1. With each label point set 7 Å from Cα along the Cα-Cβ vector, what nm distance links ARG182 and SER49?
2. At a probe radius of 1.4 Å, what is the per-residue accessible area of SER131, in Å² to the nearest 10?
3. Taking a probe of 1.4 Å, how large is the accessible area per residue of the stretch 85-218, in Å²?
4. Where does each of PHE144, PHE33, PHE18 land when they are ordered by accessible area, with a 1.4 Å probe and the largest first?
5. Pulled fully out, how much extra length does the chain show between ARG193 and PHE145, if you take 0.36 nm times their separation in residues and subtract their Cα-Cα distance?
6. Looking at the chain, send over the antiparallel percent of its DSSP beta bridges, to the nearest 5.
7. Hey, could you get me the Stokes-Einstein D for the chain, Kirkwood radius over alpha-carbon pairs, 4 °C and 1.567 mPa s, rounded to whole µm² s⁻¹?
8. At 1.4 Å probe size, with no ligands or nucleic acids counted, give the accessible surface of VAL24 in Å², nearest ten.
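The values are calculated or read from the model by the stated rules, or taken from the named source; none is laboratory data. Values in this document were obtained by computation on a predicted structure and should not be read as measured data. Note: ideal-geometry Cβ built from the backbone for every residue, glycine included; neighbour counts use all protein chains shown. Just the protein is used for accessible areas: all its heavy atoms, side chains included, with ligands, DNA and RNA removed. Shrake-Rupley method; radii C 1.70, N 1.55, O 1.52, S 1.80 Å.
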Amino acid sequence: MESTKLKLYVGADFVSAFAMSAFVALKEKQLSFELVTLDLKARENYQASYQDISLTCKIPTLVHDGFALSESSAIAEYLEEIAPGHPKLFPLDIKQRARARQLQAWLRSDLLVIRKERPADLIYFGQKDNSLSDEALAAVDRLFFVADRLLEEGADHLFGDWSIADTDLAIMLNRLVANGDRVPERLAAYVRRQWDRDSVRAWMDIERAAPAILPLKH
């Protein structure tokens, strides 16, 4: 597959968890692609030129031979279809594959309070000083419960071999690990293993500018 056939649109700040998931999926599939950035703060994703590409004005968006697709989980499914060989993005077993998709959907639809109080940008730019709210702590407990149940003792990955669900879960957990919040060591070690993958390292190695710190008002 030629590099000109695939483009991935992401935010220019390179902090979106969903953009990271799509980027990792492409890297794991060993597909060449062009990375195109949009300034989300300047609302470039709502300009007419991008509206003609993305139905929802969202990032990430994958473009393949004129076909544009948004939503990182849909992108991973599509990549599995157009490049069905190894390495695989999803488990081979039908029930494990369904469970991986369930986990991806849950991580995207629930735990909103964790994403609000522990935004993904702190993974790159440092800790937040505020403590988690009671609502966030309850969500963290649900996250730990699910992760602990799915990750077998001594396993490197959720479903035997690596899948894109491992990256998605590790991103959510790393919001807490990177901030110094309490995370069971078994899950923290799992995050470190996922972060050591070449595909994740490639994303982390992208140069990104720290957000400007506004002066305090007196």
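1. Inter-label distance under the simple model: 5.1 nm.
2. 100 Å²
3. 58 Å²
4. Largest accessible area first, the residues go PHE18, PHE33, PHE144.
5. Value of the extension gain: 15.3 nm.
6. Restricted to the chain, the bridges split so that about 65 percent are antiparallel.
7. My calculation gives 71 µm²/s for D.
8. 0 Å²
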